[in-house]
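**Student:** A single structure is presented below for examination.
What follows is calculated from the coordinates using simple rules that are stated; it is not laboratory data. Not measured: the values here are computed from a predicted model. No Cβ is skipped: glycine too gets one built from the backbone with ideal geometry, and neighbour counts run over all protein chains shown.
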Amino acid sequence: IQKEALEKVTQAANLKELQDIRVSYLGKKGSITKVLKGMGKLSSEERPIIGQMANAVRDAITTSIEEKATSLEQAALEKRLEEESIDVTLPGRPVNIGGPHLLTSIVEEIEDLFIGMGYEVKEGPEVETDYFNFEALNLPKNHPARDMQDSFYITNELLLRTHTSPVQARTMQEYEGNQPVKMICPGKVYRRDTDDATHSHQFTQIEGLYVDKNVRMSDLKGTLDKFAKKMFGEERKIRLRPSFFPFTEPSVEMDISCKVCHGEGCSVCKGTGWIEILGGGMVHPKVLSMAGYDPKVYSGFAFGMGPERIAMLKYGVSDIRGFYTNDVRFLKQYHKA
Ligand code: PHE
């Protein structure tokens, strides 16, 4: 029996077969169990001899089954480890990592630049009152200059702001007419325009405002010159042209110098070698006094620019819609490494 059993154990291919072997020899009805149960019928001389033998056989089978079980388990474990092993030398799959949107980067760059000159960054609501969007900026109801900014009205008194200038009125009011104000405000603005390569019904602006005692036109010019050189390169020049905004007097438009290009793909600097990048001027006395500042004591300058336009000039983007259609092929070109 022992020989036969041990052979079977050696051949067992898996734990299930091993278990069957155990049952057939050592189980309740197993052959060894039978021998042990039959001991009572033996004579007293035979009993210890047969008993000893049967016990030895049982122990031998038990040990061999246990050994075999251990080695089968070990083999199964090794097989699993092999199957589940990972080849760490394989090249990784590239993960698509996003990056800041070009507009976000430009706005942050402009913010950093002005923060460096002591400006604080302010925000205002995109749904604005007629009062802050127009009236507080010296654009009373029915003023023809309201036509410059075709508006999305929500009610008679509420509209989507057409520029970030209401934030200058709000900030001055917050400072209660007795402290200097030095702020910029980036944000979305809305105008009733038909979208094309250079127009979008929604775009962004950055407003700047500096109000203090003795702020002069030359301060505006110096600030904008610094801005243009930092943003576009030290070799750039600026020029101011007279313009009109109801909330500034005098009002200017600012051009920066650019290298003239010709032909296809040249959209940025055709013609004169100057390109307009922003509007600004000295805050109108009426705007100061409506916000609680005495125009005899305080003066200030303000300017407003479009980050899309800045980005288009700086990076040669030819279609403003690229900022809003979110084609990753477009956006990816401007991710910094
Ligand atoms: N708000 C003006 C515009 O949207 C720009 C501007 C801002 C002009 C501040 C002067 C001063 O056209």
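**Student:** Just round it to a whole percent: the fraction of Cα-Cα distances in the stretch 54-115 exceeding 12 Å.
**Tutor:** When every Cα pair of the stretch 54-115 is considered, 82 percent fall beyond 12 Å.
**Student:** How compact and how long is the chain, expressed as Rg and Dmax of its alpha-carbon atoms in Å?
**Tutor:** Gyration radius and largest Cα-Cα distance of the chain: 42.9, 134 Å.
**Student:** To the nearest 10 degrees, how steep is helix 2-11 against the longest Cα principal axis of the chain, on a 0 to 90 scale?
**Tutor:** Helix 2-11 sits roughly 20 degrees off the main axis of the chain.
**Student:** Right, here's the next one. Take each of the peptides 38-51, 160-173, average the number of other beta-carbon atoms within 10 Å over its residues, and list them starting from the highest.
**Tutor:** Top of the packing list down: 160-173, 38-51.
**Student:** Please list the equivalent ellipsoid semi-axes of the stretch 148-240, computed as the square roots of five times the alpha-carbon gyration tensor eigenvalues, in descending order and whole angstrom.
**Tutor:** 27, 22, 9
**Student:** Going by how many other Cβ atoms sit within 10 Å of their own, how do Cys185, Cys269, Cys261 line up, fewest first?
**Tutor:** Lowest count first: Cys261, Cys269, Cys185.
**Student:** By how many degrees, between 0 and 90 and to the nearest 10, does the Cα long axis of helix 15-26 differ from the longest principal axis of the chain?
**Tutor:** On a 0 to 90 degree scale, this one is about 30.
**Student:** Let me spell out the model: positive unit charges on the Cβ of Lys and Arg, negative unit charges on the Cβ of Asp and Glu, origin at the Cα centre of the stretch 208-247. What dipole size does that give, in debye rounded to 20? Could the numbers behind the result be given before it?
**Tutor:** Working: 10 positive and 5 negative charges, 24 e Å.
It comes to approximately 120 debye.
**Student:** A follow-up question, please. Among the listed pairs Lys259/Lys314; Lys122/Lys230; Lys213/Lys296, give every one whose C-alpha distance is greater than 19 Å.
**Tutor:** Correct reply: Lys122/Lys230.
**Student:** Whole-Hz ³J(HN,Hα) for each residue in the stretch 269-277, computed from phi via Karplus 6.51 cos²θ - 1.76 cosθ + 1.60 with θ = phi - 60°, x for glycine and proline: what do you get?
**Tutor:** So the Karplus estimates, Gly and Pro as x, are 9, 7, x, 7, x, 10, 9, 6, 10 Hz.
**Student:** What is the distance in Å between the Cα centroid of the stretch 183-232 and that of the stretch 107-139?
**Tutor:** That distance is 9 Å.
**Student:** Which one, Leu158, Gln52, Pro295, is farthest towards the positive end of the dipole of the chain when Lys and Arg carry +1 and Asp and Glu -1 on their Cβ?
**Tutor:** After comparing all options, I get Gln52.
**Student:** Build a GNM of the chain with springs between Cα atoms under 10 Å: which of Gly27, Gly281, Gly208 gets the top mean-square fluctuation?
**Tutor:** Looking only at Gly27, Gly281, Gly208, the largest GNM fluctuation is found for Gly27.
**Student:** Among 148-154, 212-218, 63-69, 248-254, how do they line up from the highest to the lowest mean number of other beta-carbon atoms within 10 Å?
**Tutor:** 248-254, 63-69, 148-154, 212-218
**Student:** Between Lys226, Lys314, Lys28, find the one with the highest GNM mean-square fluctuation for the chain; connect C-alpha pairs within less than 10 Å.
**Tutor:** Fluctuation is largest for Lys28.
**Student:** Next question, about the same structure. Which one of Ala302, Ala13, Ala228 has the biggest mean-square fluctuation once the chain is modelled by GNM with Cα springs under 10 Å?
**Tutor:** Result for the chain, Cα springs under 10 Å: Ala13 fluctuates most.
**Student:** Add +1 for every Lys or Arg and -1 for every Asp or Glu among the other residues with Cβ under 11 Å from the Cβ of Phe203, and state the total.
**Tutor:** That works out to +1.
**Student:** What FRET efficiency do you get for Asp59 and Leu81 if R0 is 56 Å and r is their Cβ-Cβ distance, rounded to the nearest 0.05?
**Tutor:** Once the sixth-power term is evaluated, E becomes 0.95.
**Student:** Could you put Glu7, Glu84 in order, starting from the residue whose Cβ has the fewest other Cβ atoms within 10 Å?
**Tutor:** Glu84, Glu7
**Student:** Quick one: divide the alpha-carbon radius of gyration of the stretch 34-148 by 2.2 N^0.38 Å and tell me what you get.
**Tutor:** Normalised by 2.2 N^0.38 Å, the Cα Rg of the stretch 34-148 equals 3.39.
**Student:** Using the beta-carbon distance between Asp225 and His201 and R0 = 56 Å, what value does 1/(1 + (r/R0)^6) give for FRET efficiency, to the nearest 0.05? Don't skip to the answer; put the middle values down first.
**Tutor:** Values: r = 32 Å, r/R0 = 0.58.
Between Asp225 and His201 the formula returns 0.95.
**Student:** Now, a different point. For the residues Ile310, Ile320, what sequence is obtained by ranking on other C-beta atoms within 10 Å, fewest first? Intermediate values should be presented prior to the final figure.
**Tutor:** Details: Ile310 24, Ile320 19.
Ascending number of Cβ neighbours within 10 Å: Ile320, Ile310.
**Student:** Another one. Hull surface divided by four, with the convex hull built on the Cα atoms of the stretch 231-337: how many nm²?
**Tutor:** 9.9
**Student:** Which whole-Hz couplings ³J(HN,Hα) result when phi for each residue of the stretch 40-57 is put into the Karplus expression 6.51 cos²θ - 1.76 cosθ + 1.60, θ = phi - 60°, listed in order with x for Gly and Pro?
**Tutor:** x, 7, 7, 6, 5, 6, 6, 3, x, 5, 4, x, 4, 4, 4, 4, 4, 4
**Student:** Going by average Cβ density within 10 Å per residue, which order do the peptides 174-180, 123-129, 86-92 take, highest to lowest?
**Tutor:** 123-129, 174-180, 86-92
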